[in-house]
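Report on the structure given below.
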Amino acid sequence: MIFYLFLALLFAGAIGCAVAISVADFRRRIIPDAYLIPLFLIGLMVVNFVPNWICGPRTAVVGAVLGYVLGAGVGFVFDIIRQRKNPRSDAPIGMGDIKLLATGGLWLGPNGLAIALVLSCLFGGVWAYVKKQQFIPFAPFFIAGAILSLITTAFLL
């Protein structure tokens, strides 16, 4: 009984952190570590202590490393392109986005991370097309894609 109450509190904290991250990125184009680090730590607890989670601890670590390396690689390539076009402009991918990908990889594992990335790119691309936006806040779309990936991985796969 106490375990399930504690688990409900953990998930409530994770939802609160995810909402705060989405709002902050949408409004200020920044992902604060004050919300990102607790979300990562909650993910560590969930992956290690929740039986039958969608990925085990080893797979979660592989997903976190994959998310970080993938985000850093894409950010590095985009930064080189940005420096050639306009060296004074802001970096297109910040460290918050990269750490968010690592957190998503921890929660979802490599397979869930792949689904979340595809969905978030689709959602963000459609939003940018409809709103005619040049800058896309990544966190709200990634979190929506991660939630759908979690549902898909837990119930359909």
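The values are calculated or read from the model by the stated rules, or taken from the named source; none is laboratory data. It should be emphasised that the depicted structure is a prediction, and the values quoted were computed from it without experimental measurement. Here the Cβ is made from the backbone with ideal geometry for all residues, glycine too, and neighbour counts use every protein chain on show.
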Task: Answer residue from segment 91-111, given it is more than 20 Å from ILE15 (Cβ to Cβ) and hydrophobic (A, V, I, L, M, F, W, C) and is modelled with the lowest pLDDT among those - done: ALA91
Task: Out of ILE42, ILE54, sole residue that is in contact with a Gly (Cβ under 7 Å, 6 or more places away or on another chain), under 22 Å from PRO110 (Cβ atoms), of a type in the set (Val, Ile, Thr) and in a loop (DSSP other than H, G, I, E, B) - done: ILE54
Task: Hits in segment 30-39 (condition: closer than 19 Å to LEU108 by Cβ and either surrounded by 14 or more Cβ atoms within 10 Å (Cβ to Cβ) or in contact with a strand residue (DSSP E or B) (Cβ under 6 Å, 6 or more places away or on another chain) (or both)) - done: ILE31, TYR35, LEU36, PRO38, LEU39
Open item on the list: Looking only at residues that are among the polar types (S, T, N, Q) and in a helix (DSSP H, G or I) in segment 104-149, which one is surrounded by the most Cβ atoms within 10 Å (Cβ to Cβ)?
Closed with: SER149
Open item on the list: Taking the conditions exactly as written (surrounded by fewer than 13 Cβ atoms within 10 Å (Cβ to Cβ), modelled with pLDDT of 90 or more, within 21 Å of THR152 (Cα to Cα) and not aromatic (Phe, Trp, Tyr)), does ARG27 satisfy them or not?
Closed with: no
TODO: Write out, first by first residue and then by second, each pair whose Cβ atoms fall under 8 Å of each other, whose residues are 6+ apart or on separate chains, and whose first residue, in segment 40-57, is surrounded by 13 or more Cβ atoms within 10 Å (Cβ to Cβ) while the second is hydrophobic (A, V, I, L, M, F, W, C) and in a loop (DSSP other than H, G, I, E, B).
DONE: VAL46/TRP53; VAL47/TRP53; VAL47/CYS55
- [ ] Scan ASP90, ASP97 and give me the residue that is in a helix (DSSP H, G or I), among the acidic types (Asp, Glu) and under 21 Å from GLY124 (Cβ atoms).
- [x] ASP97
- [ ] Within segment 5-30, count every residue that is among the basic types (Lys, Arg) and in a helix (DSSP H, G or I).
- [x] 2
- [ ] Return yes when ASN48 is closer than 25 Å to ALA12 by Cα, polar (S, T, N, Q), assigned to a helix (DSSP H, G or I) and more than 16 Å from the chain's Cα centre (by Cα) and no when it is not.
- [x] yes
